[in-house]
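Notes follow once the structure below has been shown.
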Amino acid sequence: MPQLGTESNPLRVAVIGSGPAAFYAVEHFFKQKGMVAQVDMFDRLPTPYGLVRGGVAPDHQKIKSVTKVFEQTASNPCFRFYGNVEIGKDVSVEELKDGYHQILFSTGAQTDRRMGIPGEDLPGSHPATEFVAWYNGHPDYRDKQFDLSQERVAVVGVGNVAIDVARILCLTPAELAATDIADYALEALSHSQVKEVYLLGRRGPVQAAFTNPEIKEVGEMEDADVLTLPDEVKLDDLSRAELEVGKDRATQKKVDILQSYAARPPSGKSRKLIIRFLVSPVELVGDAAGKITNMRLVKNELYATETGTLSARPTGQYEDLPVGMVFRSVGYRGVPVPGVPFNDRWGVILNQKGRVVDAGGQPVTGLYASGWIKRGPSGVIGTNKPDSVETVVCMLEDVAAGATLQPAHPDAAAMEAMVRERQPDAVSFADWLKLDALETANGKALNRPRVKFTSVAEMLAALGR
């Protein structure tokens, strides 16, 4: 048998997921001189790019331009995309082992962590990711209902996802119409009655996870004032010390922006975004019909843990916040893949530097992870590049050591035939490029970046299926 990774015996790699971590991994494979790798990428949706398409806010088009790099990677003749193919349903992991030397899972963190408070499951309490997926046109969430007749909404969390949700609720119909937001979401939000949005952080401004561009841009919304409370953005001794030790200019700038909002008088705009710190929800209270009427908050104080980080603890002071809808954005976790070791506490695939390991810490031959399903939900899109490179380095080391799966049918044509038999409506990358061209053409006619297809049936019909 010729050496693995040659023209006559190419390395066969399956990548599950098609977001940034997946594409960065494929890109690194294709950069290897002297290594012939055939990479097949699978996604249960017909559309690639993961959270770049389904998670990045519709008014952040510049961030989405990273897909041009991914498109270049996909143009390699050794790359195939199988969209609308679900692993575990259409094709099993065991069947993948029969066709590939290595399998890389880049499936992201698909569910939200819970707050764990009474009333969390009342109507009107939602995971933030469902709202994000809804306004971004994700086929699984297009039929979700959000009661936008409510005048006051709370968003729990102070990361970039939380601030995106708050901002989308505060933008005018004209601002939203210039984006690639889903048509049905644009229509619903155009009739929104939301007047006040509260963004709630359990710790202080120094510890807020949103980035400076995100907190700066909310201050530039056409018809929404941004407010912070002077007492809550004033730094306590511990936060001042943390800032001083770190000499972190970016964090100092973030604090300066937040404090400037406390000093800025309201200008009479029709909506308000109120950013709160050092508060935690302890209960959602509903009326006789079960609808949320208010959120009970406890005020917090910061203290230093044994590791030196600052954490929040309740002071015993409470307040009631009248809100009719709540979005939680307090962290995300991955979903287990059947047959792949999983750390349920952390919500990630068990791994060491991307090598999947069993409960005893021993590598599971041929299985790997990258992105959020590997490390947890942290960082921005670019953070996935070094993460994926680390995993691919391990994969290449294992190829050199002969530690790969031994597939009985490592033939591209055999896998193609099986996929087409199991899922006749599988979507190729060429198919996706047709959908992409149609979406952008439909958008151009309306002076928008694109008008998305938001159901699998629409996508297949557009492809003439």
query = Of [x] 163; [y] 143; [z] 231, which is the value of volume of the Cα convex hull per residue in Å³ derived from the coordinates here?
reply = [x]
request  = Under 20 Å from a label point 7 Å along Cα→Cβ of residue 122: give me every residue in the range 286-307 with its amide N that close.
outcome  = 286-299
Förster radius 30 Å - calculated FRET efficiency between residue 63 and residue 455, Cβ distance, rounded to 0.05 = 0.75
ask   = Stretched out fully, how many nm does the piece from residue 282 to residue 401 gain, at 0.36 nm a residue minus the Cα gap?
value = 37.5 nm
ask   = Between residue 98 and residue 440, what FRET efficiency follows from the Cβ-Cβ distance if R0 is 41 Å, with the result rounded to 0.05?
value = 0.60
query = Can you list the lysines whose alpha carbon sits under 29 Å from that of residue 299, skipping same-chain ones fewer than 8 residues off?
reply = 195, 216, 234, 247, 253, 254, 269, 272, 291
inquiry  = Using only Cα atoms and rounding to the nearest 10 degrees, what angle (0 to 90) does helix 20-30 make with the longest principal axis of the chain?
reply    = 30 degrees
note = Output ordering of 219-229, 18-28 (per-residue mean of other Cβ within 10 Å, highest first) is 18-28, 219-229
ask   = Put +1 on the Cβ of each Lys and Arg and -1 on the Cβ of each Asp and Glu in the range 117-331; which of 186, 197, 239 then has its Cα farthest toward the positive end of the dipole?
value = 239
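Using a ≥ b ≥ c from the Cα gyration tensor of the range 270-333 (square roots of the eigenvalues), is it rounded, prolate or oblate, where a/c under 1.5 gives rounded and otherwise the larger of a/b and b/c decides, a/b for prolate? Please report the intermediate quantities before stating the final value.
Working: a/c = 2.00, a/b = 1.87, b/c = 1.07.
Note, shape of the range 270-333 comes out prolate.
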note = With a 20 Å threshold on alpha-carbon distance, the violating pairs from 33/62; 374/452; 68/434 are 33/62; 374/452
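So what is the 222 nm mean residue ellipticity for the chain from helices alone, if each DSSP H run of at least 4 adds -39500 (n - 2.57) and you divide by all residues, rounding to the nearest 500 deg cm²/dmol? Before the final figure, lay out the partial values.
Numbers: 18 runs with 154 residues, N = 465.
Rounded to the nearest 500, it is -9000 deg cm²/dmol.
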key: Per-pair calculated FRET efficiency, R0 = 45 Å: residue 33 and residue 259 via Cβ, rounded to 0.05   = 0.30
ask   = With the Cα gyration tensor of the range 9-125 giving a ≥ b ≥ c as the square roots of its eigenvalues, does the rule (a/c under 1.5 for rounded; else a/b larger than b/c for prolate; else oblate) give rounded, prolate or oblate?
value = oblate
task = Calculate how steeply helix 429-444 sits against the longest principal axis of the alpha-carbon atoms of the chain, using the helix alpha-carbon long axis, and give the answer as 0 to 90 degrees to the nearest 10.
result = 30 degrees
remark   = A student applying the Cα gyration tensor rule (rounded when a/c is under 1.5; otherwise prolate if a/b is larger than b/c, oblate if not) would label the range 170-252 prolate
Segment residue 143-residue 320, length gained on full extension (0.36 nm per residue, minus Cα span) = 60.5 nm
inquiry  = Pairs of alpha-carbon atoms within less than 8 angstrom and 6+ residues apart define the contacts here; what relative contact order does the chain have, in percent?
reply    = 22 percent
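Throughout, read-outs are computed from the coordinates displayed, never taken from laboratory work. Note that this is a predicted model, so its numbers are computed, not measured. Every residue, glycine as well, gets a Cβ built from its backbone with ideal geometry; the counts of neighbours run over all protein chains shown.
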